[in-house]
Amino acid sequence: MGYNFKIIREFNNFIPKGSFGLISFIIFVGGLTLSYLEFPGYSLIKNMVSDLGVGPGSSFFNCSLIISGMLTLLFFIRFYYIFHETNVHHNYKKITIGLCIFSSISYIFVGIFPSTTNFIIIALHIAFSSSTFVFGMICILLISYLIYRHTDYPNLLIIFGILFALSVVVYFSTLLPFFEWLIVIFYSVWILVNSFYIFTKDIKMRLKK
């Protein structure tokens, strides 16, 4: 058992921090773009994001959600260990990572259950997409506090988390497609900027060794 954990630790140390987040961003944006290009007449103002999951390029969109969701889950788990030494109560950090994991799993299931005409499937889709937004919002706000308390992290990274949270609140208040798109954009940018910062910082540390 100890040998197995050693292999996991070595594998974890081999991959630069932030890699999972960057790959997740690339896969999601790639799938989103391809499904958008395959959807004639799609409008960011009139169509919900989920419409891409049942359009001509639905396979691109749904597969990108599933794969990027798995990678985001791994990103959050590694993110937790980055803040392990932060002077914040341990239970706070445990609750934060728990919500992040739950949100990521819901994210994966959004791709598994697309927004079809089947009542059961669409009910599951709404439940999982809502869970992704709400628990993702809480998770990122909690992480924003950890970033604030972490001396090595620029507070500028908090801005995108706040914008994401505001877009979630406005979307559930209006249910307009445009604000759902803002959720997707701000969430993706949050993943990108945090992953990139962590990645570049880790690479610099590796080069110094």
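Here are the numbers:
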quantity	calculated
Principal axis dimensions, largest first and in whole angstrom, of the chain by Cα	53, 35, 30
Residue-wise HN-Hα coupling along region 128-139, computed from phi with Karplus coefficients 6.51, -1.76, 1.60 (Hz; x: Gly, Pro)	6, 5, 5, 5, 4, 5, 5, 6, x, 4, 4, 4
Phi-based couplings in Hz for region 65-72 (Karplus 6.51, -1.76, 1.60; Gly and Pro marked x)	5, 5, 5, 5, x, 5, 5, 5
Model label zone, Arg149; criterion: amide N under 20 Å from point 7 Å along Cα-to-beta-carbon; scope region 48-88	76-88
About the Cα centre, charge dipole magnitude for the chain (Lys/Arg +1, Asp/Glu -1 at Cβ), debye	840
Fully extended contour minus Cα-Cα distance, from Val29 to Phe178, at 0.36 nm per residue	51.9 nm
Residues of region 136-153 with amide N under 18 Å of a point placed 7 Å along Cα→Cβ from Phe196	153
Rounded FRET efficiency, nearest 0.05, which uses the C-beta distance separating Ile95 from Lys46 and R0 of 45 Å	0.75
Fraction of alpha-carbon pairs over 14 Å apart in region 163-209 - percent	58
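Read-outs: derived from the displayed coordinates by stated rules, not from any lab. Predicted, not measured: the structure shown is a model, and the values here were computed from it. Virtual Cβ from ideal backbone geometry, glycine too; neighbours counted across all protein chains shown.
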